Amino acid sequence: MNYYDIIVWILNWLRVYEPVNSFLEKYGIAIILKLFIIFVVAVIVLAFVALTVMLLTWLERKVFAHVQARFGPMVTGWHGLLQPIADGVKLFFKEDIVPAKADKWLFTIAPFIVFVPAFLVFVPIPFGKSLIVQDLRVGIIYIIAVSAISPIGVLVAGWASNNKYSLLGALRAAAQDISYEVPLALSALAVVLLAGSLSTQDIVAKQQDIWFIFLMPLGFIIFLIASIAEMGRIPFDLQESEQELVAGFFTEYSGAKFVFFFLAEYAHLFAIAGIITTLFLGGWIGPLIPFLHPEISYFIWFLIKCYAVIFFAMWLRGTVPRVRIDQLLGIGWKVMTPLALINLLLYGFLMALGVI
Amino acid sequence: METEQLMINMGPVHPSTHGVCRFKLIMNGEIIRDIIPVIGYLHRGTEKLGEMKTYLQFVPYTDRLDYISAMPNNYAFVKAVEELCGIEVPRRAEYIRVIVMELNRIVNHLVAIGSWLLDLGASTMIMYGFREREKVLSLYEMLCGARMTFNYIRFGGVRDDLPPGFIEKTREFLKEMPSRIADYEALLNDNEIFLMRMKNIGYISAKDAINIGVTGPTLRGSDVDYDIRKLQPYSVYEEFDFKACVRKEGDSYARYMVRIDEMRESLKIVEQALNNLPEGKVVSQTPGIGTYRWAPSTVSTFFPRIFNPPKGEVYSRVEAPKGELGFYVVSDGTNKPYRVKIRSPSFCNLNAIGTMVRGLKIPDLIAAFASIDIVLGDVDR
């Protein structure tokens, strides 16, 4: 089961699927229905993620504010809940400035190169037993591959802005992403080793008895740190460190293009939280909530775990200073990568010996 | 690896230079070879203004030197003039002065540590610091109506007696503050990233620090026990039990710890001062200066004309939160000073930045620069 099947099921329940399908099949264009359903699935996922992202921007401000003994947004709506909408409206009405010396074509395309992969990552993330776009057989590889596209967009943005701060920020982001991609992939690989499958649903199913966080705490810590570095959040927000680089690679961006970077950032946060939940926190597994359809119960469990990870990232932002760029790369290559390798080796041995 | 030397300009408008300070950095790749501070962007000619204004009129200008901690500035100038004229100060006034100055030291260190952490990317500490600062500022507001530029300390005393409720509110603050400081320490002291950015960054040896003329927490962080409140006690500091906070390491972390310790010591001093606060007048009526009855509306028009200190010169120094603040005042017997020279701690401490950051990287420059804790109003005067 996945979203596609669910929609087919709903259409069947409404008794429209069969007639439409047979009607289209008569002309040999049944693929149109399939494409339509896929389109609907994409819209649903996009809308859900976009709404979550809006909520996250609000949540980030509130959590960050409360950590700092402030209130955060309070005026727009209940406890400032409508603040993301106000921000969005404001940003979309802003003038879309392209610097005179910028590379216009690249400057325009860059936000989308960052934005699209951040949403594509959601394809193999299971929100429930059947709430998944597509349970890919190469799920983990797909996630790592797709999320590696974003740095290209960042580099393009930095280069196209024709601004030294942007370029420095972009280069830092690239260096950072490359350094932390390695431990990230290696610790994910250890999970694959444990689960014996690359498919995200299989990995979740393997955690029915014990979550991988308890089986492999070191791997979890490495994955968590590496993914926070990958997102470029404090303490690893070197790519946009205000005190050094103004706003990093999106210094020159304003208005709607800035919105896309902003959305991508939070979509990335949500995606990473989803991936951590799937790989280490048992995904949608949890005790069934009474009086609810199991599928909804799974979904709620998934969201609870997801938001726990997100809350941790926000909490961290309020607690620690930023590392230095050489320290960041030093940690990445000298500590995290060897540890991730040791972790992989250790669990390889344990698997071979049949301990786990 | 030797690469081409590169000159980078940092500032004057930069989020981490704490005002309008500019650095010329001679870089070798990422490494700072040399650093040349360029100052003067906030120059307002305060010293020259001192020659143009009468003695009392100059007191508000001292507020604008180190605007984070204006009370000690007020006091330093007033003390110089008092020494020049030999004005007696009532004991109650001295106690009040000590209370407000030590509260100001706490405020200064809160802002120093907060903005420092902000430069390092941790924006929580400044919010915490400002939360407590707000309490002190509202105390000051009770006291003199102003929150930053107080103009409170007067020749021969202070402007107003403590308002009703001030002592209780101060005691509340004293009761609350130790747990807050413990909070800061819990947040920062063992924070691994904080230590990475602080330990062995911006090192300055005791010898270098003395040669350059560094004072205040920056000097005490380098294992030099130099606190004017102890060495050359002024006001009523002799009567209080406190210690000069000294650290051995000489790096940014040591300076941070000195500031944290000093906040505790200041709390101790304020507490003792409140407990032993004598009764009496808060401003003296010194013969020879002209007797006057204190009244806020009349004094500004009537007092300056008759205040003519005797001929002479005086250098007087106090331990301001940022270091040694000295006023050199020359009087020619008229109602205006002949010359006012300000030895400001920020200016002298800024000289140490070169020694601290040569061979480090730019992010370390930001951390080390913040650890000196300067205010550009104090540097440029």
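When the helix-only estimate is applied to chain B (DSSP H runs of n ≥ 4, each -39,500 (n - 2.57), divided by the residue count), what is the mean residue ellipticity at 222 nm, nearest 500 deg cm²/dmol?
The per-residue figure over chain B is -15500 deg cm²/dmol.
Filter the trypsin sites (Lys or Arg not before Pro) in the stretch B:154-252 to those in DSSP coil with at most 15 other Cβ atoms within 10 Å of their Cβ, and list the result.
Listed in order of number, the matching sites are B:199, B:243, B:248.
For chain A, modelled as a Gaussian network with Cα springs under 10 Å, which listed residue fluctuates most, A:265, A:295, A:95?
A:95
Before anything else, pin down the relative contact order of chain B: Cα pairs under 8 Å, at least 6 apart, normalised by residue count, whole percent.
With pairs under 8 Å counted, the relative contact order is 27 percent.
Dividing the alpha-carbon Rg of chain B by 2.2 N^0.38 Å yields what?
Normalised by 2.2 N^0.38 Å, the Cα Rg of chain B equals 1.00.
For chain A, set up a GNM with springs between Cα atoms under 10 Å and report which of A:183, A:287, A:111 has the largest fluctuation.
Checking each option, the largest mean-square fluctuation is seen for A:287.
What ³J(HN,Hα) values, in whole Hz, does the Karplus curve 6.51 cos²θ - 1.76 cosθ + 1.60 give for the stretch B:239-251 when θ = phi - 60°, with x put for Gly and Pro?
7, 9, 9, 7, 10, 6, 8, 10, 10, 8, 5, x, 9
Which shape class applies to the stretch A:226-318: rounded if a/c is under 1.5, otherwise prolate when a/b exceeds b/c and oblate if not, where a ≥ b ≥ c are the square roots of the Cα gyration tensor eigenvalues?
Because a/c hits 1.5 or more and a/b exceeds b/c, the stretch A:226-318 counts as prolate.
Can you classify the stretch B:26-143 as rounded, prolate or oblate using the Cα gyration tensor, where a ≥ b ≥ c are the square roots of its eigenvalues, rounded means a/c under 1.5, and otherwise it's prolate if a/b beats b/c and oblate if not?
Judged from the Cα gyration tensor, the stretch B:26-143 comes out oblate (a/c at least 1.5, b/c at or above a/b).
To the nearest 0.05, how large is the calculated FRET efficiency for residue A:48 and residue B:24 if R₀ is 45 Å and r is the Cβ-Cβ distance? Mind showing how you got there, number by number?
Numbers: r = 53 Å, r/R0 = 1.17.
It comes out at approximately 0.30.
Restricting to lysines 8 or more places apart or on different chains, can you count the pairs in the stretch B:134-233 with Cα atoms under 25 Å from each other? Don't jump to the answer; show the numbers that get you there.
Details: B:135/B:169; B:135/B:175; B:199/B:207; B:207/B:230.
Eligible lysine pairs with Cα atoms under 25 Å apart amount to 4.
Could you give me the ³J(HN,Hα) list for the stretch B:170-179, computed from phi with Karplus coefficients 6.51, -1.76, 1.60 and θ = phi - 60°, whole Hz, x at Gly and Pro?
Along the stretch B:170-179, the couplings run 5, 5, 4, 4, 5, 6, 7, 4, x, 5 Hz.
Return the calculated 222 nm mean residue ellipticity for chain A, to the nearest 500 deg cm²/dmol, obtained by summing -39500 (n - 2.57) across DSSP H runs with n ≥ 4 and dividing by the residue count.
-22000 deg cm²/dmol
Just to confirm the filter: which chymotrypsin sites (Phe, Trp or Tyr not before Pro) across the stretch A:247-356 are DSSP coil and have at most 13 other Cβ within 10 angstrom of their Cβ?
Answer by residue number: A:291.
Could you identify which residue out of A:171, A:303, A:288 has the top mean-square fluctuation in a GNM of chain A using Cα springs shorter than 10 Å?
Evaluated over chain A, the most mobile residue of the options is A:288.
Return the sequence-ordered ³J(HN,Hα) values of the stretch B:265-278 in whole Hz as given by the Karplus equation 6.51 cos²θ - 1.76 cosθ + 1.60 applied to θ = phi - 60°, using x for Gly and Pro.
My calculation for the stretch B:265-278 gives 4, 4, 4, 4, 5, 4, 4, 4, 5, 5, 5, 9, 4, x Hz in order.
By its C-alpha gyration tensor, with a ≥ b ≥ c as the square roots of the eigenvalues, how is the stretch A:1-47 shaped: rounded for a/c under 1.5, else prolate for a/b larger than b/c, else oblate?
oblate
When the chain is fully extended, how far beyond the present Cα-Cα distance does residue B:332 get from residue B:179, taking 0.36 nm per residue of separation? Walk me through the intermediate numbers first.
Details: separation 153, 0.36 × 153 = 55.08 nm, distance 5.11 nm.
That pair, residue B:332 and residue B:179, stretches by 50.0 nm at full extension.
Going by amide H atoms built from the backbone, whose H comes under 5 Å of the H on residue B:35, apart from near neighbours?
B:26
Rule-based calculations on the coordinates, nothing more; no lab input. All values reported here derive from a predicted model rather than from experimental measurement. All Cβ positions, even for glycine, are placed from backbone atoms using ideal geometry, and neighbour counts span all protein chains on display.
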